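Rule-based calculations on the coordinates, nothing more; no lab input. All values reported here derive from a predicted model rather than from experimental measurement. A quick note on method: Cβ atoms are made from the backbone with ideal geometry, for glycine too, and the neighbour counts reach across all protein chains shown.
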Amino acid sequence: LFTAVEMAPRDPILGLNEQFAADTNPNKVNLGVGVYFDDNGKLPLLQCVQAAEKTMMEKPTARGYLPIDGIVAYDNAVKGLVFGADSDVVKSGRVATVQAIGGTGGLKIGADFLKKLSPNATVLISDPSWENHRALFTNAGFNVDTYPYFDQSANGGLGGINFDGMLAKLNAAAEGTIVLLHACCHNPTGYDITPAQWDQVIAVVKARNLTAFLDMAYQGFGYGIAEDGAVIGKFVAAGLNIFVSTSFSKSFSLYGERVGALSVVGCSKEETDRVLSQLKIAIRTNYSNPPIHGGAIVAAVLGNPELRALWEKELGEMRVRIKAMRQKLVDGLKAAGVQKDMSFITTQIGMFSYSGLSKDQMVRLRSEFGVYGTDTGRMCVAALNSKNIDYVCQAIAKVI
Ligand code: LMR
């Protein structure tokens, strides 16, 4: 049965974790996967999460099946966070939200539903995009193409967004094309379009009758929770039917709990209820219903004003520390003798920096210095700290 099965390549991101774990270099630094580590290089267990878990442990509950679409309080908390609890769209019942197995699960449930709805639609993702976007939509049966996004030759070779190219491609897209957009903290480049440019994208999505699928895995890591989520409100205000996948992996440091969601905006409550019924079929046929623990933590934190304030504070601290590390990286590279102006690293936001390093340079960083980033030159600046920054700067300077 399996004689013709080929060995698949390692995953371009998670595969690096396997390689990193096997690396015996004592100075190794993992800037591959998008995970936040604190200044001691530790994965944080947030205080708000600990407080919620403590309360949960004081009143242990049995573990029955959740409803197919997850914990009601969780789904409502997601609606509140992403669309605003008092927004018209939520109050009028036009948002269907389902708990999902991480942001990836949200994307997959949306992709499966869309495949039934628009089987012949093309999916456009940014060039470049998170590697799993192409794989996920291809596996869901779609033809996946790209729209221009990052241009290394922009800004005198330092790199930047090719917005005209992006808009032109969207303008030429066939009606019904699905457009995958990064709501904030673009992965992998760290470059986001401006609010005014979002308005132009929304106008094209509306005029061309495209379907926007917003991936929001990093809400709170750019400028703030409300600021990063503002783009969703713009799409809603334009009267568009959108898909939004969200994740609490990074913002709650709950990576392994796989806590995410998919929200879909309909035109009326009645229509949205029909959409929800189809999303439930997609869930039921993939994994039946979601797990309890992670969703229960997030619902408890977001549903308690004190814990929510604590979460916002802790998320703010992560955001501020990442920004400080960006500056330290720029300064450290200069001090290590890098001639090229690397200050673009501080204009990028979120967890990632597209460094402009070539595949060869990234491979050398790994093999000679144990510094891991993706082959595309993406580095997770959220894993830099005051102890490893000098070493990383020296290593980058040597390969440049
Ligand atoms: C990343 O891009 O590194 C993260 O989103 C983790 C993942 O699943 O790839």
(message) Modelling each spin label as a point 7 Å along the Cα-to-Cβ direction, I'd like the Tyr287/Ala174 distance in nm, to one decimal.
(response) 3.3
(message) Given contacts defined as C-alpha pairs under 8 Å and at least six residues apart, what's the relative contact order of the chain, whole-number percent?
(response) 26
(message) Need the C-alpha centroid separation for the stretch 13-72 versus the stretch 283-362, integer Å.
(response) 14
(request) Find how much the distance from Lys206 to Thr61 grows on full extension, using 0.36 nm per residue of separation minus their present alpha carbon separation; answer in nm with one decimal. (result) 47.5 nm
(request) Report the calculated FRET efficiency for Asn304 and Thr3 (r = Cβ-Cβ distance, R0 = 51 Å), to the nearest 0.05. (result) 0.35
(message) Restricted to Cα positions, what overall size does the stretch 2-65 have along the principal axes? Three whole-Å values, descending.
(response) 51, 39, 18
(message) Report the Cα-based extents of the stretch 72-306 along its three principal axes, largest first, to the nearest Å.
(response) 49, 39, 32
(message) Straight-line reach only, C-alpha to C-alpha below 28 angstrom: list the lysines that Lys28 could link to, leaving out same-chain residues fewer than 8 apart.
(response) Lys42, Lys250, Lys323, Lys328, Lys334, Lys340, Lys359, Lys387, Lys398
(message) So if the hydrodynamic radius of the stretch 268-314 is defined as the Kirkwood radius over C-alpha pairs, what does Stokes-Einstein give as its diffusion coefficient at 20 °C and 1.002 mPa s, in µm² per second?
(response) 164
(request) Evaluate E = 1/(1 + (r/R0)^6) for Asp164 and Asp88, where r is the Cβ-Cβ distance and R0 equals 35 Å; express this FRET efficiency to the nearest 0.05. (result) 0.55
(request) Consider all pairwise Cα distances in the chain and report the whole-number % of them above 41 Å. (result) 13
(request) Please give, to one decimal in nm, the separation of the simple spin-label points placed at Glu312 and Lys398, each 7 Å out from Cα toward the Cβ. (result) 4.6
(message) So the label point goes 7 Å from the Cα of Ser268 along Cα→C-beta, right? Which residues of the stretch 86-127 then have their backbone N under 16 Å from it?
(response) 92-95
(request) State the extension gain, in nm to one decimal, for the chain segment bounded by Glu18 and Ala154, taking 0.36 nm per residue of separation less the distance between their alpha-carbons. (result) 45.5 nm
(message) Between Thr346 and Lys359, what is the label-point separation in nm under the 7 Å Cα-to-beta-carbon projection?
(response) 3.4
(request) Give the cross-link partners of Lys206 among the aspartates and glutamates, using a straight C-alpha distance below 16 Å as the criterion and excluding same-chain residues fewer than 8 apart. (result) Glu175
